[in-house]
Amino acid sequence: MSAVGWALVQFVWQGAAIALVLAFAIRWTASPRVRHGLAVMALVAMLLSFVVTTVSVLPVGTGAVVEAGQGVELARGVVIEAGKVGVDWKWALPYVTWLWAVGVLGLGLKRVGGWWMTRRLTRIGVCAVAAHWQPRMRELALRMGVGDGVALLESSLVEVPVVVGWLKPVLLMPVGMMAGMPATQIEAILLHELAHVWRRDALVNGLQSVVESVLFYHPAVWWVSGLIREEREKCCDDLVVALQGDAHAYATALLTLEEKRAFALAANGGNLMKRLERMARREETRPGLASLLVPLGVLTAVFAFAGVAQELKGPYVNWLTQDVVYIIDAKEKAAFVALKTDDEREKFIEEFWKRRDETPDTLENEAKEEHYRRIRYANERFRSSQSGWKTDLGRVYITYGPPDEIEILSDRAHR
């Protein structure tokens, strides 16, 4: 008990150190595969460091785990040695272990319950897909390199596409989705899920569940695990685009699923906006040394904003954090928060819109009017549990404007 407790205490700095090394390492590469591999290695290193520390302090025979010295214990935790009185806190280690064990047990039961419920999804509320999708599914599986061992079913119990199982994987699609979307978009989603099967992501996800349950108390563990999920989705995105050769069509499929509110689990690991922007760029350059200054710049901006937040009045805070949050750059933001008077802020806002006006000789600022029109449109069309401008669809619309084209499904397709 004391050995485990001591390892738990030691892992506080060990986990932080591993996460710090990972954070530095991923700054040098933009490749999702490399970043994913580094994050998995970091997660394994965290688990190994905890195990090795536990084993290294285990007692030999019946000896104590950690010697309290040659002193005499006057009371629990109070030791006198060579005329000195000190506090020995090691008596609390077994209690730390008990608290940790309760947390592990609770998370373990939750994981087992989730696994059992997931396995039931393949047997309850499922039906076969339309006949023409079976041969197409086999063709897509062969293209992805996973053979024809992946079953495709429709389920009334799932709201998102999801793959269940590893040895005999089953791909479950929500009922009605395959009839309500264009075939090319459905194929893109199927390829995304098949990419998870090809990459054996279920095994990595199992490792994540174990480490998250055992080392649940350390924030670094959850950060590394979240990074794995984010980079995993980027890797699958790259595989889909490589096979289909059309990043725009795939991005359209993602947006369609988001609009249907059915894109939240397997194909939504990470921020949708970031994934769409990344596919639009389709470039992965190695960050230079200057990119290492980005975190420092962000922290500086945060502290600077916090320092003047008391001086900013409501309208200026709203302008900065809501009105122009998607179009203002870091330099402009830093300059704005550094202003001291309302007159300076009003002048800044006026110049801000002038810089974006393509027709400065006219009385009206078309750029400003168009921007606020997009905000109104997003709030009207994309409102859900939050304001429309806060949603992924709202952000896409405000940033890029109306789409080049709109696909309208027929009534028959909807049915």
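The residues in region 139-185 that are part of a strand (DSSP E or B) and polar (S, T, N, Q) can be counted, and the count is 1. Taken together, the residues in region 130-181 that are within 17 Å of ALA253 (Cβ to Cβ) and charged (D, E, K, R) amount to 3. When the residues of region 232-263 are filtered to those that are of a type in the set (Asp, Glu) and surrounded by fewer than 16 Cβ atoms within 10 Å (Cβ to Cβ), the one that is modelled with the highest pLDDT is ASP246. LEU215 falls short of the stated requirement of being closer than 28 Å to SER156 by Cβ and either buried (at least 20 other Cβ atoms within 10 Å of the Cβ) or in contact with a Leu (Cβ under 9 Å, 6 or more places away or on another chain) (or both). Counting only helices (runs of 4 or more DSSP H) wholly contained in region 364-415, the ones carrying 1 or more residues that are under 18 Å from LEU255 (Cα atoms) and modelled with pLDDT of 75 or more occupy 366-381, 392-400. Among the residues that make up region 295-315, is at least one of them at pLDDT 60 or above, over 22 Å from ARG395 (Cα atoms) and not in a helix (DSSP H, G or I)? The answer is no, given that none of the residues of region 295-315 is at pLDDT 60 or above, over 22 Å from ARG395 (Cα atoms) and not in a helix (DSSP H, G or I).
Starting from residues that are charged (D, E, K, R) and out of contact with any strand residue (DSSP E or B) (no Cβ under 6 Å at 6 or more places or on another chain), keep the ones in region 159-208 and report whichever is farthest from ASP238 (Cα to Cα).
Of the residues in region 159-208, the ones charged (D, E, K, R) are 159, 168, 187, 193, 199-201.
Next, from what is left, pick out any that are out of contact with any strand residue (DSSP E or B) (no Cβ under 6 Å at 6 or more places or on another chain): 168, 187, 199-201.
Details: LYS168: 25, GLU187: 15, ARG199: 12, ARG200: 16, ASP201: 15 Å.
Once the filter is applied, the top-ranked residue is LYS168.
Within region 159-166, identify whether any single residue is in contact (Cβ under 8 Å) with a residue 12 or more places away in the chain, among the acidic types (Asp, Glu) and touching a helix residue (DSSP H, G or I) at 6+ places or on another chain (Cβ under 7 Å), and answer yes or no.
no
Within region 121-138, the set of residues being in a helix (DSSP H, G or I) and surrounded by 12 or more Cβ atoms within 10 Å (Cβ to Cβ) comprises TRP133, GLN134, ARG136, MET137, ARG138. Of all residues assigned to region 156-165, at least one qualifies as being under 27 Å from the mean Cα position of the chain (by Cα), of a type in the set (Asp, Glu) and at pLDDT below 80.
Determine if region 18-34 includes at least one residue that is over 30 Å from TRP198 (Cα atoms), of a type in the set (Ser, Thr, Tyr) and either modelled with pLDDT of 90 or more or part of a loop (DSSP other than H, G, I, E, B) (or both).
So far as region 18-34 goes, no, none of its residues is over 30 Å from TRP198 (Cα atoms), of a type in the set (Ser, Thr, Tyr) and either modelled with pLDDT of 90 or more or part of a loop (DSSP other than H, G, I, E, B) (or both).
Criterion first (modelled with pLDDT under 85, under 32 Å from the mean Cα position of the chain (by Cα), within 18 Å of THR321 (Cα to Cα) and among the hydrophobic types (A, V, I, L, M, F, W, C)) does PHE336 satisfy it? Considered against the rule, which asks whether it is modelled with pLDDT under 85, under 32 Å from the mean Cα position of the chain (by Cα), within 18 Å of THR321 (Cα to Cα) and among the hydrophobic types (A, V, I, L, M, F, W, C), PHE336 comes out as yes. Scan region 366-400 for residues that are buried (at least 17 other Cβ atoms within 10 Å of the Cβ) and farther than 17 Å from ILE328 by Cα and jot them down. Matches in region 366-400: TYR377, ALA378, PHE382, GLY388, THR391, ASP392, LEU393.
The values are calculated or read from the model by the stated rules, or taken from the named source; none is laboratory data. Values in this document were obtained by computation on a predicted structure and should not be read as measured data. For neighbour counting, all protein chains shown are included, and Cβ atoms are generated from backbone atoms with ideal geometry for every residue, glycine included.
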